[in-house]
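Report on one structure; see the data block that follows.
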Amino acid sequence: MMNIKYLPFICLIAIMGSCIDQSESRDIEMKPSRAKIFSKGVRLESDHFHGNAWLDVLVVADSVNQNAVGSVTFEPGSRTNWHSHPNGQIILTLEGEGYYQEQGSSKKILRKGDVVKCPANLPHWHGASPDSEFVQVAITSRVNGPTEWLSPVSDEEYRGE
């Protein structure tokens, strides 16, 4: 007859053994989470964009806080028109690869973690590279008025030619 004082020890060994056997028999590949921080939002139906883009409005500007904040998801190849903001804009890159260009300057490549401070009243555009979705958060002051939308970005401008 087995001494009862050894039962917990025997159970522990049995549990440890079953864990080892299970881990050796499973083929589990650990992948980083691809969950988005913010939702994709609603598709933008606007002549101010080329291609498909979605907007998740995070903060609506009001009389107390006159900053609008939105998460914008651009599908590969999509972009804004040239535009400017009376108080500038801040762009925070969350995912993918995108482009940003100020009038009179070269196009910049944006990747996760990049931040752009768009100067006030300076025409610029931004959007996704041809092969990557691009997700950004745009922070735009509405103190001195709304965004001024300008002409579409040509394919040559988009390609940097």
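So here's what we get for this one:
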read-out: Candidate set: the stretch 83-93, residues that are under 14 Å from the mean Cα position of the chain (by Cα) and surrounded by fewer than 18 Cβ atoms within 10 Å (Cβ to Cβ); chosen: the one farthest from residue 37 (Cα to Cα); value: 90
read-out: Count of the stretch 113-146 residues which are within 29 Å of residue 62 (Cα to Cα) and either surrounded by fewer than 20 Cβ atoms within 10 Å (Cβ to Cβ) or among the β-branched types (Val, Ile, Thr) (or both); value: 20
read-out: Whichever residue in the stretch 38-82 is without any contact (Cβ under 8 Å) to a residue 24 or more places away in the chain and not in a loop (DSSP other than H, G, I, E, B) and, among such residues, is surrounded by the fewest Cβ atoms within 10 Å (Cβ to Cβ); value: 42
read-out: Residue check, residue 24 farther than 16 Å from residue 146 by Cβ and modelled with pLDDT of 55 or more; value: no
read-out: Selection within the stretch 94-112 - of a type in the set (Ser, Thr, Tyr) and either buried (at least 16 other Cβ atoms within 10 Å of the Cβ) or within 21 Å of residue 68 (Cβ to Cβ) (or both); value: 99, 100
read-out: Residue 151 being open to solvent by 40 Å² or more (accessible area, probe 1.4 Å) and in a loop (DSSP other than H, G, I, E, B); value: yes
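The values are calculated or read from the model by the stated rules, or taken from the named source; none is laboratory data. This one's a predicted model, so the numbers in the text were calculated from it and none came from an experiment. Cβ coordinates were reconstructed from backbone atoms using ideal geometry, including for glycine residues, and neighbour counts include every protein chain displayed. We work out accessible area using only protein heavy atoms, side chains counted, and drop any ligands, DNA or RNA first. Shrake-Rupley method; radii C 1.70, N 1.55, O 1.52, S 1.80 Å.
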